[in-house]
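J.: The structure follows.
Values in this text are rule-based calculations from the coordinates and carry no lab data. This structure is a prediction, so every number in the text was calculated from the model and none was measured.
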Amino acid sequence: MIESAVKRALAATALTLLLASCTYGNTPPPQGPYGTPGSYPYPGDEPYPGDPAYPPGTAPGAFPGAPNQPQPPECAITASRDWTAWVNAMPGPGGSRPTLVVRGKVVTATGGYQVAFDRAMQIRRGQPPQAFVTLYVAPPEGGAASQAASTHEVRWEWPLNVPVGSVIVRCGDKTLAEITNIQTAY
């Protein structure tokens, strides 16, 4: 008795689904509380006509300085040179693990700036993996800066879990160097 009731319920459900699938494409969508749905009025060529914040042919977020877009940090470095990277895998006290050593020279337009590497390093997996390191530039304290260009030697070491094939040095939105010749010292 229960078995026949379950079979009838399943048959009724299957019939209802079959009828719903056959008639859905031929009937207009049901009218909601806001009236009959209409087509979406697409904007013209310009997303915001007459809005001076967006140059013609651009949309929000399509160019630097757009609203709601994070600005990359400023980088006061005007030049850089002599970039090297190597892996220090020499045995030491306590069985130290390999470290990536990056060194180079950067130039700021005026003196008084402090330049240092971020302690965090990012590794992009791939074949071979790539390391990304970031330089930060702090403005002179109290606004006192000399007008002469200033050269800063920068160096930092990061613990390394995997060998890397290249190192990208960044500052703000600038890529200062891509180092591909990385030697390992044992």
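J.: Give me Rg/Rg_expected for segment 77-185, where Rg uses Cα atoms only and Rg_expected = 2.2 N^0.38 Å with N residues.
T.: Segment 77-185 yields a ratio of 1.17.
J.: Could you go through segment 177-186 in sequence order and give the Karplus-derived ³J(HN,Hα) for each residue, using 6.51 cos²θ - 1.76 cosθ + 1.60 with θ = phi - 60°, rounded to whole Hz, and x for Gly and Pro?
T.: Per residue, the Karplus-derived 3J(HN,Hα) values read 7, 10, 9, 10, 8, 10, 9, 10, 9, 9 Hz.
J.: Residue separation times 0.36 nm, minus the C-alpha to C-alpha distance between residue 173 and residue 122: what's the value? Please report the intermediate quantities before stating the final value.
T.: Values: separation 51, 0.36 × 51 = 18.36 nm, distance 1.58 nm.
Residue separation times 0.36 nm, minus the Cα-Cα distance, leaves 16.8 nm.
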